[in-house]
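The values are calculated or read from the model by the stated rules, or taken from the named source; none is laboratory data. Just so we're clear, the structure is a prediction, and the values are computed from it rather than from any experiment. Here the Cβ is made from the backbone with ideal geometry for all residues, glycine too, and neighbour counts use every protein chain on show.
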Amino acid sequence: MRRILIHRNLNKKGQFKAGLFYCLLAETNTLTPNKKYYFPLFTRLSLLILLFASSQSFALSTVEKLQRQAENKKLYEKPYWLALGHYNTVGTANNKFESYTDDPGFFLSENGKFSPQDELKATLSAFFDTANTGNEHAQCRFVARLNWIASELSFDRNELPQQNCAEYQVWRNAINAETVTLIFASHFVNSPSSMYGHTLLRIDPPKSVNPSQWLSYAVNFGANVREGENSLFYAWRGLTGGYPGLFAMEPYYKKIKQYSNIENRGLWEYQLDLTPEEVNKLVVHLWELKGISFDYFFTDENCSFRLLELLEIARPNIDLLSTFDYKAIPTDTVRVVRDHGMIKNINYRASHIEKIKYIASSLSPVQKTLAHDLSIDTGLVEEEEYKSSSPGDKQNILYVAYNYLRHKQTRTARDKAMAKRSHRLLVEINEHGNADLSSLPRPFDPIEGHKTMSMAVAAGSEGSEEFIEGQWRMTYHDLLDPGPGYPLGLGIEMLGVTARQWQSGRSTLERLDFVEINSFAGRDILFKPSSWRVNGGMERIYSDDGDQLAPHITGGRGYSVELNDDLLYYTLITGRYEYNEMHNGNHQVGAGISLGIIGEIYNMSTTLDLTTYKLLNGVERYSMSFGLSYEFAKNKAIRLTAEGVKEGVYQENNIKLGYRHYF
């Protein structure tokens, strides 16, 4: 009869160790002198079950032991665990949490979105799970969690079920990261969603492996927008969190093409002083976020906010997010990174149009026209006007003509005739040499500009009555704010309130602006962007019949001309809707025209605007305003404004002088 041999001994603590051997076949029921025991065949099945249950009990006790250790250490309250789960405290109690992550695939506990404690417990269990294997195992999906928990609990990783995380290893080897650079893509004036600028990260390998930054990887967080989305729906959904946001990685040269060549935005590159260990923490956590969605909001939970979360993962002892409760403007987030001493080096990558305009600025109006015409008809290189140009002028004319043609190519399908003209111009460039861009000036660093929230107090008079005025604006920049770091002609404001206390004792709400955007991009012979303005909110309208706080939507479209680098003129055809109970018929629409000048001289900004409307009820309204702002210290300015208003027979003038603080 077949027998099973069981050998047992007791250790010092009396613990039972059992080994199962199938190596002995015997025909005896007697005990041997060396204390080996033989059991009949019918006990084999029950014995196997007992041994299997014992091994499972041992594994479970390991998990339970680690879970108790984690509970005793309160690891679920540690800032780094909360950061790995993207948890945010909610309400007034600090022990209530909710993860910014909205994707159920990010959590291992059903209650993981709201309970970091449950998520930690589930994570430990999942690490010892034997049902899943390979790339889908928790050890492969949540590498950053595993690294941190193992360091905190100091357990032997050999106790874990061994997994082959092939996908992670291939990805990690491809992301051969040594340094991280924070990128700020500058303001894109003609796109409302990009007027604030945009931030992303660049992950650079060692220079010995890849000396070109073009082949580095860009890490971007953005809204997942359906192709062809209506711009109004886009704006609304972006403000209300209607889009999922995702992290994406792609070669940096694609971002250069998108921002610098297509959208004409300069790229500020802020190299961070992260150590190799910190870089590794950031990259490993990026793997955990692969395909994971967040709600995306333009104003707060946006690209810049998410990147700060990544930097807190890399360097756990810093607090970058606490100042961004309800808005996260890209330049403000870069300032916080700078204020924490994390910026090592700064580089600026000029846009395609910046380079063209720089070279074109050295040409006469006739030569600019020639460069434009050469991009259309390369046969002009045989004309005397071109041939008689000096060698330096030829280089500049050819540079402008060729790169202007390339700029047009980025916005259209590939055209054989256009490609032929490009080749002809390249032949001329090879013969005469390229333009010199070595002296291309670097613009003012946007993070050195004024901060984006402001408060103001002013004293003034309207007619014969004096007033004190207070103003608060959540963000961002108006046409009279200090200009350095902001494009000339750009104004974008959200949520502004203006109130007055009059000499007579009455108090009034003068304005409530939900959004006001001014986008004045200068035109020239090469580039002809449109200019536009939109404003929605409530403003107090004064007339002979009294005054009324009137809801309105006002907009206009036209063109602007840069008279020089610091002076711009604009003309707009405008339209307006308002609800005003002082009118015959409360709802009124009208059309009109706006003319204006915007200028910046040293640390002063000035505006002059003339606007007229004619409403459908026959009422004509005229206004003329002048403003002058002087920045006497960083984030501190005084402002003088004067305005005259005429509606029908009503006419009134006001003037005020005030102090404005940016924070």
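Descriptive notes on the structure:
- So ASP319, is it out of contact with any Ser or Thr (no Cβ under 9 Å at 6 or more places or on another chain), surrounded by fewer than 18 Cβ atoms within 10 Å (Cβ to Cβ) and farther than 19 Å from THR199 by Cα: no
- Condition met for THR333 (touching a helix residue (DSSP H, G or I) at 6+ places or on another chain (Cβ under 7 Å) and in contact (Cβ under 8 Å) with a residue 40 or more places away in the chain): yes
- Count of the stretch 428-453 residues which are in a loop (DSSP other than H, G, I, E, B) and surrounded by fewer than 19 Cβ atoms within 10 Å (Cβ to Cβ): 14
- Checking ILE541, ILE553, ILE573 one by one, the residue that is at pLDDT below 95, of a type outside the set (Ser, Thr, Tyr) and in a strand (DSSP E or B) is ILE541 and no other.
- When the residues of the stretch 234-257 are filtered to those that are aliphatic (A, V, I, L, M) and under 27 Å from ASN176 (Cβ atoms), the one that is surrounded by the fewest Cβ atoms within 10 Å (Cβ to Cβ) is ALA248.
- Which numbered condition THR498 fails, given (1) modelled with pLDDT under 95; (2) surrounded by fewer than 20 Cβ atoms within 10 Å (Cβ to Cβ): (1)
- All strands (runs of 3 or more DSSP E) inside the stretch 31-113 with 2 or more residues being at pLDDT 55 or above: 87-89, 97-99
- Enumeration of residues in the stretch 72-87 that are closer than 17 Å to ALA150 by Cβ and charged (D, E, K, R): LYS73, LYS78
- Selected residue [free of Cβ contacts under 8 Å to residues at least 40 places away in the same chain, out of contact with any Leu (no Cβ under 7 Å at 6 or more places or on another chain) and polar (S, T, N, Q)] from THR133, THR101: THR133
- The residues of the stretch 454-478 that are surrounded by fewer than 19 Cβ atoms within 10 Å (Cβ to Cβ), part of a loop (DSSP other than H, G, I, E, B) and touching a residue at least 12 places away in the same chain (Cβ under 8 Å) amount to a single one, GLY463.
Conditions tested, residue by residue: (1) more than 25 Å from LYS74 (Cα to Cα); (2) assigned by TED's automatic domain parsing to the domain that holds GLY222; (3) of a type in the set (A, V, I, L, M); (4) in contact with a Pro (Cβ under 9 Å, 6 or more places away or on another chain).
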residue: CYS140; (1), (2), (3), (4): no, no, no, no
residue: TYR168; (1), (2), (3), (4): yes, no, no, no
residue: VAL180; (1), (2), (3), (4): yes, yes, yes, no
residue: TYR196; (1), (2), (3), (4): yes, yes, no, yes
residue: ARG202; (1), (2), (3), (4): yes, yes, no, no
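- Some residue of the stretch 369-380 being over 30 Å from ASP566 (Cα atoms), acidic (Asp, Glu) and either crowded, with 17+ Cβ neighbours inside 10 Å or not assigned by TED's automatic domain parsing to the domain that holds SER260 (or both): yes
- Among the residues making up the stretch 506-536, those that are in contact with a Pro (Cβ under 9 Å, 6 or more places away or on another chain), in contact (Cβ under 8 Å) with a residue 40 or more places away in the chain and either surrounded by fewer than 20 Cβ atoms within 10 Å (Cβ to Cβ) or part of a strand (DSSP E or B) (or both) are ILE517, SER519, GLY522, ILE525.
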